[in-house]
Amino acid sequence: MPALTLLLPEFKRVEHAPPFSLWLARGDRLADAKPGRDVVLRECFEFTGTALPVAALTRSLDAGDATGATWVRADPAYARADAVTARLMACGDLGLTHKESDELARALRPLFGDAGFPLEASRPDRWYLRCPNDTRLPAFADTQNVLGDDLMRHLPRGDNERQWRSLFNEAQVILHNHAVNARRIERGQVPVNSLWFWGAGKLPDWVRTPFSHIASGDPAVVALAKRAGIPVAAALTTLSREDAGANILIDAEAVPEIDARRFARIDLLFASGERFRYQHSHRWRIWRRVRR
């Protein structure tokens, strides 16, 4: 029988949703891991380096030229000021057209070019900085940890942090005064008034994974799977008899209706760190009631 691993959001978001509530009630709780999507992906994929190089991975999908440089995502963002601070409200997918993206990127290129980090606006929702391989970078906060929070708590920290904070501030000034944003505000759209730096790293020389089938809509997962030579699909809904010994990884957003009886085990990996295993024999644990 095949084995299934599910990459899931935070535990509190799905603990009461079927079929997860049944599997959690009748399955075994395993040792918790550290929270974080990057931690989950490090469990599922082995690759060189210590951090998840999201920028290099997605650049390999978007342009195919990620080797030979260090990459940083510099995604278009919307920050909203309140009484005491500014909060990151949206990042990446702000509904920019290709024309708007090109206009904004053109205005920003001199700033980043002079710093030695050429700006590449591959897509309206994913922008990149190409950095020399020997660049010493500070620590950048993942967008998922920043959305809705005080920006000041998540600005770059560490090597050359002053340079990167200065680039962050200067980019905001350029964007604030740009005609594209004036037109967007007139149309009732949020302006692109900031960039967010994150996902820094180099493309791994190699990637390995124990999984034979992978389904995900996350570009970083898709890139890791391709780097490992594993076919990846947007969703995985059927298995043939030849797949009886398959080891399957499905990302949360691609989870179909699952018949648990078809799997030897189902491992549940939550982004908040909880780990559970539901085995084929656990279906007989009928005395374990689902929590309401």
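Every number here is computed from the coordinates shown, using simple stated rules; none is lab data. Source: prediction; values computed, not measured. All Cβ positions, glycine included, derive from the backbone under ideal geometry; neighbour counts span all protein chains shown.
Here are the numbers for this structure:
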read-out	value
Two-site FRET efficiency, Ala115 against Arg289, from Cβ-Cβ distance with R₀ of 45 Å, rounded to 0.05	0.15
Farthest positive-ward along the chain dipole, Cα basis, beta-carbon charges - from Thr5, Gly229, Ala81	Thr5
Other-chain or far-sequence residues with amide H under 5 Å of Val207's (modelled H)	none
Projected label distance in nm at Ala179 and Lys99, using a 7 Å step from Cα toward the beta-carbon	1.2 nm
About the Cα centre, charge dipole magnitude for the range 54-201 (Lys/Arg +1, Asp/Glu -1 at Cβ), debye	140 debye
Gaussian network model of the chain, Cα within-10 Å springs - most flexible of Thr67, Thr85, Thr143	Thr85
Pairwise FRET efficiency - Ala107 versus Asp65, Cβ, R0 = 22 Å, nearest 0.05	0.40
Ratio of the Cα radius of gyration of the range 54-201 to 2.2 N^0.38 Å, where N counts its residues	0.98
Theoretical gain in end-to-end length, Asp125 to Lys226 [0.36 nm per residue, Cα-Cα removed]	34.2 nm
Ordering of 153-159, 43-49 by burial proxy (mean other Cβ atoms within 10 Å per residue, highest first)	43-49, 153-159
Along each principal axis, Cα extent of the range 155-237, largest first, Å	50, 38, 15
Gain on full stretching of the segment that runs from Trp206 to Arg262 - 0.36 nm per residue minus C-alpha separation	16.9 nm
Cα-derived Rg over Rh, computed across the range 1-141 with Rh taken as Kirkwood radius	1.06
Added length on full extension, which subtracts the Cα-Cα distance from 0.36 nm per residue, Gln172 to Ala234	18.8 nm
Dipole magnitude of the chain, debye to nearest 20 (Cβ charges: Lys/Arg +1, Asp/Glu -1, about Cα centre)	1000 debye
Quarter of the Cα convex hull surface for the range 86-167, i.e. its orientation-mean projected area (nm²)	5.8 nm²
Rounded FRET efficiency, nearest 0.05, which uses the C-beta distance separating Met152 from Thr48 and R0 of 25 Å	0.15
